[in-house]
Amino acid sequence: MILIDGKAVSEKIQEQIREEVARRKAEGRRIPHLAAVLVGNDGASETYVGSKVRTCERIGFHSTLIRLPETISEAELLAQVHSLNENPDIDGYIVQLPLPKHINAEKITYAISPEKDVDGFHPANVGKLALGLPTFIPATPFGIVQLLAHYGIATEGKHCVVVGRSNIVGMPMGLLMSRNAYPGNCTVTITHSRTPNLAEETRRADILIAALGRPEFIKADMVKEGAVVIDVGITRVPDASKKSGYSIKGDVAFDEVAPKCSYITPVPGGVGPMTIASLLKNTLLACGEE
Ligand code: NDP
């Protein structure tokens, strides 16, 4: 069994991007500029956005954090989005989700210029992904294909089962694994909460991607001997032995599943660290060759 080290791969990609930025600087070319919009004071969102902005600074990107109050109206947030669309200094930006309940997140996502949508959530970019055209690939699925490629994991002709069909993970993951490219060329089964006999489906997987958000849901008897298992889940579960009072669990019961696998991602340290590498790659793409 090989443990997939997402932290190491992410650091390697960040280092390559840092070198590319240094080259651009030396040649007097444009330096990518990422903006992040944070609405309200949600603790987890603050952590995610803070870490994205700090990483941008470390690798030499320009970055701007726009903090807006929880009470901002939808119209005011839309005005901010339009102003970012029109700002020639900004190459790409993200609006951190979730947004407060009084704001329609879909409306905001759809207002982001597809050329600056480095999260890859705009329907125009999802459409391009479905058609196999170059586009911004959503960070988590993009991170997973980069991990598969880094480890040279064979995908052609394999049966890939994805558990979960969300717009940010399961659905784009299925599109990527079935496209005519590497990693890809899999026969893909997408499963969800209405799938009967889920274990029968997962047991047929050469590559199993668990993205359902149920801690340790995938047990050893649901996995084929020799499978590649990618665990996307991140759930905080109460844990009195931890100073924080919780521990992070994936969707896979790691200890019992790992011995059956050819490759497996740990949680934490697997898929999670790749998200930032994907976002940086998308921002570089948004900046173009200028
Ligand atoms: P969602 O809640 O949006 O989607 C979950 C999906 O899993 C749904 O399609 C749902 O089915 C399906 N599902 C739920 N329960 C079951 C079940 N018992 N059997 C089969 N399918 C089920 O979650 P996300 O896709 O946003 O995230 C999934 C997990 O990945 C979460 O733990 C999240 O925290 C984590 N995550 C991790 C990231 C990372 O960087 N590592 C990034 C993004 C997410 P249905 O559609 O029928 O409701």
Exercise. Any residue in region 236-248 that is surrounded by fewer than 19 Cβ atoms within 10 Å (Cβ to Cβ), within 21 Å of Pro138 (Cβ to Cβ) and of a type in the set (S, T, N, Q)?
Worked result: no
Problem set entry | Every pair of residues 6+ apart whose Cβ atoms lie under 6 Å, when the first sits in region 62-82 and is closer than 17 Å to Pro98 by Cα and at pLDDT 95 or above while the second is outside any helix (DSSP H, G or I) and among the small types (Gly, Ala, Ser) | Leu65/Ala36; Glu70/Gly40
Exercise. In region 104-125, what residues are in contact (Cβ under 8 Å) with a residue 40 or more places away in the chain and surrounded by fewer than 21 Cβ atoms within 10 Å (Cβ to Cβ)?
Worked result: Glu115
For this session: Go through region 182-235 residue by residue and tally those that are in a loop (DSSP other than H, G, I, E, B), closer than 20 Å to Gly270 by Cα and within 11 Å of the ligand (Cβ to nearest atom).
Result: 9
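Take the residues in region 259-276 that are touching a residue at least 40 places away in the same chain (Cβ under 8 Å) and of a type in the set (A, V, I, L, M, F, W, C), then tell me which one is nearest to the ligand (Cβ to nearest atom).
Initial filter on region 259-276 (touching a residue at least 40 places away in the same chain (Cβ under 8 Å)): 259-266, 269-276.
Next, from what is left, pick out any that are of a type in the set (A, V, I, L, M, F, W, C): 261, 264, 271, 274, 276.
On the way: Cys261: 18, Ile264: 14, Val271: 4, Met274: 7, Ile276: 9 Å.
Among residues in region 259-276 that are touching a residue at least 40 places away in the same chain (Cβ under 8 Å) and of a type in the set (A, V, I, L, M, F, W, C), the one nearest to the ligand (Cβ to nearest atom) is Val271.
Yes/no matrix, rows are residues, columns are (1) crowded, with 24+ Cβ neighbours inside 10 Å; (2) closer than 21 Å to Glu201 by Cα; (3) hydroxyl-bearing (Ser, Thr, Tyr):
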site: Phe136; (1), (2), (3): yes, no, no
site: Tyr151; (1), (2), (3): no, no, yes
site: Ser166; (1), (2), (3): no, yes, yes
site: Gly170; (1), (2), (3): no, yes, no
site: Leu175; (1), (2), (3): no, yes, no
site: Ala181; (1), (2), (3): no, no, no
site: Thr189; (1), (2), (3): no, yes, yes
Exercise. Based on what the data block shows, is Glu256 in contact (Cβ under 8 Å) with a residue 40 or more places away in the chain, surrounded by fewer than 24 Cβ atoms within 10 Å (Cβ to Cβ) and either within 29 Å of Ala44 (Cβ to Cβ) or within 12 Å of the ligand (Cβ to nearest atom) (or both)?
Worked result: no
Exercise. Of the residues that make up region 277-289, is at least one under 24 Å from Val9 (Cα atoms), loosely packed, with under 15 Cβ neighbours inside 10 Å, under 23 Å from the mean Cα position of the chain (by Cα) and more than 12 Å from the ligand (Cβ to nearest atom)?
Worked result: yes
For this session: Output the residue which, of all residues in region 142-168 that are more than 16 Å from Thr265 (Cα to Cα) and touching a Pro at 6+ places or on another chain (Cβ under 7 Å), is farthest from the ligand (Cβ to nearest atom).
Result: Thr155
For this session: Would you check which residues across region 246-268 are in contact with an Asp or Glu (Cβ under 7 Å, 6 or more places away or on another chain) and either in a loop (DSSP other than H, G, I, E, B) or polar (S, T, N, Q) (or both) and list them?
Result: Ser247, Gly250, Asp251, Ala253, Thr265, Val267
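The values are calculated or read from the model by the stated rules, or taken from the named source; none is laboratory data. These figures come from a predicted structure and were not determined experimentally. No Cβ is skipped: glycine too gets one built from the backbone with ideal geometry, and neighbour counts run over all protein chains shown.
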